[in-house]
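Just below is one structure, and these are the notes that go with it.
Computed from the coordinates by the stated procedures, all read-outs in this text should not be read as laboratory data. None of these values were measured; they are calculated from a predicted model. Cβ sites come from the backbone with ideal geometry, for glycine too, and all protein chains shown count toward neighbours.
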Amino acid sequence: MLSHFLLMVVYALLVSLYFTTLWRRERRAQIVLFLQLFLGMVGGGLIVAWLMYPFPPGPPAPIP
Amino acid sequence: MADTASPEAPPAPPPSQDGPAAQPLPASQLVMAVALAWLVPGLGHVYLKRAVRGLIFLLLVIIAVGIGCSLQGNLYRPMQGQWLSYLATLGEIGMGVPYFVLRYGLRYEGQQEAAGFEYGTAFLLTAGLMNLLLVLDAWDIASGQKE
């Protein structure tokens, strides 16, 4: 359950389903919005991760 | 054949995604819907006769809370001198009864050293904020601004 990618996908799934149910009533419009949100979040996350890849990781954050 | 429609007649507005607005409810029912929507995720929608939608919302918020807790995310509480903790607490209190059950009933706090702490916190915060939006949605439905 601690896979970053899996957690991101689960998060995107929950949020996409939520906003689809909140904002759309017709089945077709729901499917379109769901795909836009879900693929946007997962794809956007992957793109940001890819853009950050060249940057070296910093020191681990201290635990307060 | 003569066209009876006036050339200057404005085009019909596109159909709203929310459908036709319903009749506004009395103030007492509006307050009840908003209160129920905050207390139990989705209950405001069930009260407003949107049972299926309400149950979907309940399921989504509870799943988000469950994942957040299983990852040992932070259940925020106000901390002196850290104003962001007040904001985060407000956001998580948005989930209603589940927040108080976790905090006072189950004595849940989260575990900062846990590997999933940050993700869990994001899930818990999201659950609270999602329910706050549901409160506003219930308000819109009860006041006749939304179907």
Principal axis extents for the protein assembly as shown, Cα atoms only, whole Å, descending order, please. 80, 48, 31
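Before anything else, pin down the relative contact order of region B:43-147: Cα pairs under 8 Å, at least 6 apart, normalised by residue count, whole percent.
Reported relative contact order: 35 percent.
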Between region A:6-47 and region B:67-81, how far is it from one alpha carbon centroid to the other, in angstrom? 25
Distance in nm between B:Arg77 and A:Trp23 label points, each 7 Å along Cα→Cβ, equals 3.7
Label-to-label distance, nm, for residues given as A:Val9 and B:Ala35 (7 Å Cα→Cβ offset): 4.4
For a Förster distance of 41 Å, can you work out the FRET efficiency between the beta-carbons of B:Ser70 and B:Ala27, rounded to the nearest 0.05? 0.50
Find the percent of Cα-Cα distances in chain B that exceed 23 Å, and round it to a whole number. 47
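Over the whole of A:15-25, what's the average partner chain Cβ count within 10 Å per residue? Rounded to a whole number, please.
5
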Suppose R0 equals 25 Å; then what is the FRET efficiency for B:Val52 and A:Leu46 from their Cβ-Cβ distance, rounded to the nearest 0.05? 0.15
If r is the Cβ-Cβ distance from A:Tyr53 to B:Ala114 and R0 is 30 Å, what FRET efficiency results, to the nearest 0.05? 0.70
Both in Å, the radius of gyration and Dmax of the C-alpha trace of chain A are 15.7, 49
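Under the Kirkwood approximation applied to all pairs of distinct alpha-carbon atoms, what is the hydrodynamic radius of region B:51-91 in Å?
Hydrodynamic radius (Kirkwood, Cα only) of region B:51-91 equals 11.9 Å.
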Expected unfolding gain across B:Leu59-B:Phe100 under the 0.36 nm per residue rule, minus the alpha-carbon gap, is 12.9 nm
